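The values are calculated or read from the model by the stated rules, or taken from the named source; none is laboratory data. Quick caveat, the model's predicted, so the values are computed rather than measured. Methodologically, a virtual Cβ is constructed for each residue, glycine included, from the backbone with ideal geometry; neighbour enumeration extends over all protein chains shown.
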Amino acid sequence: MGQGCDDSVHFPLLDKMNAPLVANLDFSQFSSQLKIYIDDEIKKGVTTAVKVLVSNITQEKLADFVKTMDSHLEEKLEMLEERLFNETNTITDKEKKLPQKEIGFHAELSNIIALSSTQTLNFERVITNIGNGYNNHTGMFTATDNGLYFFMASFIPHSGRAHLEMVKNSVVIARGRANGSGSMQAVVTLMIGDVVRCRHWSGSGTETVYKNFSFFSGHLIK
């Protein structure tokens, strides 16, 4: 088409009568629409490419970050484990150097006592009471520290026989029976506040224990 012609193309066609027909196609708007289409496709392609690139970069950076953090945390954990180990050893060494707490008592029966059922013996005359765990008003020893303790009681009936038992809180831990003289011993673990005492054996009737020859003692082993 030359200058001055319209933007149309002529195509010869034949109808059923074999007569020539002419179809006119207008290309005046085709170039601008094609340009818009191409621009849109380019934008879509660029957008997709940018998204893929950003995703790849982000994943790579994230992987590097996680790797760095793992290495950093592992290093910190090793430092903390070493510090904990050293602190534990230091505490253990200090505990070994601490002097063991001294707890012990020894008390004597100062009066002849006629015992009724489950009556507690009160050894009134205190000879030793390191740690003040023994109470000579109640006849009871109360643990002031956790640990392993040893207890012993010896007694002589004033007449006839005597039956005694040693009790931790409400649990019997030792028993003794005497025609001439008797004793009982126990090794027991106590917690702070646990109570140990000597009492008359239930069901033994009324019995009498002699003074000056009956003792109750105990001490912390460790």
I need the full set of residues from segment 115-132 which are within 25 Å of K222 (Cα to Cα) and either part of a strand (DSSP E or B) or among the small types (G, A, S) (or both), in order please. V126, I127, T128, N129, I130, G131
Over segment 133-149, the set of residues under 20 Å from L109 (Cβ atoms) and either in a loop (DSSP other than H, G, I, E, B) or in contact (Cβ under 8 Å) with a residue 12 or more places away in the chain (or both) is G133, Y134, N136, H137, T138, G139, M140, F141, T142
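Residue by residue, here is whether (1) loosely packed, with under 10 Cβ neighbours inside 10 Å; (2) farther than 30 Å from V209 by Cα; (3) at pLDDT 70 or above holds:
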| position | (1), (2), (3) |
| --- | --- |
| D26 | no, yes, no |
| V46 | no, yes, no |
| S55 | no, yes, yes |
| T90 | no, yes, yes |
| A107 | no, no, yes |
Just to verify a result, which residue in segment 201-222, among those that are in a strand (DSSP E or B) and touching a Gly at 6+ places or on another chain (Cβ under 9 Å), is modelled with the lowest pLDDT? T208
Quick check, is T189 surrounded by fewer than 18 Cβ atoms within 10 Å (Cβ to Cβ), modelled with pLDDT under 90 and not in a loop (DSSP other than H, G, I, E, B)? no
Pull up segment 112-124, narrow it to residues that are exposed (fewer than 15 other Cβ atoms within 10 Å of the Cβ) and not β-branched (V, I, T), then point me to the one that is nearest to T208 (Cα to Cα). A114
Of all residues being of a type outside the set (G, A, S) and out of contact with any strand residue (DSSP E or B) (no Cβ under 7 Å at 6 or more places or on another chain) in segment 147-182, which is modelled with the lowest pLDDT? Just the residue, please. N179
Here are G160, G139: which of them is exposed (fewer than 15 other Cβ atoms within 10 Å of the Cβ) and of a type outside the set (A, V, I, L, M, F, W, C)? G160
